[in-house]
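The values are calculated or read from the model by the stated rules, or taken from the named source; none is laboratory data. Computed from a prediction, not measured in an experiment: that's the story for all the values here. Ideal geometry is used to build each Cβ from the backbone, glycine not excepted, and the neighbour counts take in all protein chains shown.
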Amino acid sequence: MPTTVHISTVILFICSFMVAAPIFGYLGDRFNRKVILSCGIFFWSIVTLSSSFISKEYYWLFVLSRGLVGIGESSYSSISPTIIGDLFTNNSRTMMLSVFYLAIPLGSGLGYILGSSAKEAAGDWHWALRVSPVLGITAGTLILLFVPEPKRGSADQMGGRIKTRTSWFCDMKALAKNRSYVFSSFASAAVSFATGAFGMWIPLYLARAQVVQKTAEPCTQEICSSTDSIIFGVITCVTGLLGVVIGAATTRLCRQKTERADPLVCAVSMLGSAIFICLIFVVAKKSIVGAYVCIFIGETLLFLNWAITADILMFVVIPTRRATAVAFQSFTSHLLGDAGSPYLIGLISDALQQSYATSALWRFLSLGYALMLCPFIIVLGGMFFLATALFFLDDREKAEKHGANPVRHRANRKSQSAKSAQELTQAVLAINLLVCLHRLLLATAPLI
C-alpha cells in the first residue's frame, strides 16, 4: 500500500473521530455511559471485521470503513475517562488514570509488533482485522455485564448535590472561559502533533539514515523491512509505560510542594523532551543507536503528561461537563495535531527534495529538516502548560464552588463506596486495556 494510502486512511480515521467526539461528549453527559460505550465498541468491531473482506477494486469503500472505525472509537475515548473521574479524586484518581493511559502506549507498541507478526504469520495483513474484533466484542460485553453506571460527581462530593446540568450551549460557553482547560487543550494538541508525525515518519527517517551510513541498501519501497518499525514500536511501548508511571509518581511528590504541580510537571517534561528530540536529528547521521537513545528519552518525557492532562481536566471541569470537555479536548488535539502533522511533514520534505538533487543523503536530510518542526511545536506546548499553571488554582476553585465539594483533605477515608469504586475502576481499566489493544491493532494493520 503506497504512502498516499497510508496518510489518507489515517487522516480520514482521525477526521471522523473528531466529528463524532463532540456528539458522544454531549450524549455522555446526559445518558447512560456504559451503554453508549459498549454500542460504540460493538459498532467499530463489526466495521473492522467487514472491512477485512473488501477487495482492491473497492479501495474507496475500505477507506470509508476507516472513517467509520473512527466514529466507534470516539465513543470510547470520550466517555471512559469520565467514568474513572466519577470514582476517584486527587492522588487516587491520578494513579487510576495513569493505569488507564498505560493502555495507549502499550497498545501503540504492540500495534507495531503484532501488526507485523499477523502479516507474516498469515501472509496477509487482512487477518489482523479479522482477529482484533474478538477483543472489541469481549470488551463491550464485559462492560455491559460487570461495570455499573457511576453517578456523575459521586467521587467529588461529600453528601452535597451537584447543580442541575445546563444546556450544551452553556456548557461550551463555560469551557471556552475556562483558561486552564483551553491552554491544556492546546498543549495536548502539541503532543498529538509530534506523536502523529513521529509514528508516520521516524521509521522511514531511520531507514534512510542507515542508507546514508551505508549499513543498508536503498530500496524502491518506503521501508525495505519492518525492523525499524518494530524497534520503534518497542521503544514507544516501553517509553509510554515509563512516562505515564514516572509522570504520576512525580506529580504526587510535587503536590506536597505546590498545588500547581500538575501543569508544572507537564511543562517541564515537554521542554525537556524538545531538547532530546532535537538531538535525534543531530546524531542520526552518524549513529542509529544514538538516535534510538534520544528517541527513548524524548518520548519518555513527552508521555509524562498524558494522564496528568486528563487529571487537570477533572480538577477544573465540573462532573456534568466532563464528557463534553474530554470530547472537545480530543477534537482540538486531533484537529491541530495528528490530523495534519503527518501530511504537513510529508509536504515539507517533498518540497525540500524537489529543490535539490534527489540523492540518498538529501532524501535523508530533507525528511530530518521537516521533522525539526516537531520540537518547536513541543516547546510551544510547554508554554501552554506554563500558562495553565497560572490559572489552575482559580479554575479549580471555581469548579469546586459549582457544587462538587472537594475531598482532597479527606482523601484517605475508608468507606464501602470507596471500596466499591476501587473494584469498579479495576474492571474499567482491565476492559479498556483490551479496547486499546484492539484499537491499535486495527489502526496499524492496514498500514503495514
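If you take the residues in the stretch 316-349 that are touching a residue at least 60 places away in the same chain (Cβ under 8 Å) and of a type in the set (V, I, T), which one is farthest from E397 (Cα to Cα)?
I345
What are the residues in the stretch 362-407 that are buried (at least 20 other Cβ atoms within 10 Å of the Cβ), modelled with pLDDT of 90 or more, over 20 Å from the mean Cα position of the chain (by Cα) and of a type in the set (A, V, I, L, M), if any?
Scanning the stretch 362-407 gives A370, A389.
Yes/no per residue for (1) under 19 Å from the mean Cα position of the chain (by Cα); (2) among the β-branched types (V, I, T):
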site: I230; (1), (2): no, yes
site: S269; (1), (2): yes, no
site: F281; (1), (2): no, no
site: K285; (1), (2): no, no
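Only one of C254, C294 is more than 16 Å from F198 (Cα to Cα) and not charged (D, E, K, R); which?
C254
Tally time: how many residues in the stretch 167-203 are closer than 22 Å to A274 by Cα and in contact (Cβ under 8 Å) with a residue 40 or more places away in the chain?
The number of residues fulfilling the criteria is 20.
Residue by residue, here is whether (1) in contact with a Lys or Arg (Cβ under 8 Å, 6 or more places away or on another chain); (2) modelled with pLDDT under 75; (3) of a type in the set (S, T, N, Q) holds:
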{"residue": "L97", "(1), (2), (3)": "no, no, no"}
{"residue": "F100", "(1), (2), (3)": "no, no, no"}
{"residue": "I104", "(1), (2), (3)": "no, yes, no"}
{"residue": "G107", "(1), (2), (3)": "yes, yes, no"}
{"residue": "L114", "(1), (2), (3)": "no, yes, no"}
{"residue": "A118", "(1), (2), (3)": "no, yes, no"}
{"residue": "W125", "(1), (2), (3)": "yes, yes, no"}
{"residue": "V131", "(1), (2), (3)": "no, yes, no"}
{"residue": "I143", "(1), (2), (3)": "yes, no, no"}
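If the Cβ limit is 8 Å and pairs must be 6+ apart or interchain, which residue in the stretch 37-65 that is without any contact (Cβ under 8 Å) to a residue 12 or more places away in the chain and under 22 Å from I137 (Cβ atoms) pairs with which residue that is of a type in the set (G, A, S) and buried (at least 19 other Cβ atoms within 10 Å of the Cβ)?
I54/S65
Pick from the stretch 258-302 the residues that are small (G, A, S) and not in a helix (DSSP H, G or I): which of them is surrounded by the most Cβ atoms within 10 Å (Cβ to Cβ)?
A284
Looking only at the stretch 29-71, count how many residues are among the charged types (D, E, K, R), at pLDDT below 80 and under 22 Å from the mean Cα position of the chain (by Cα).
2
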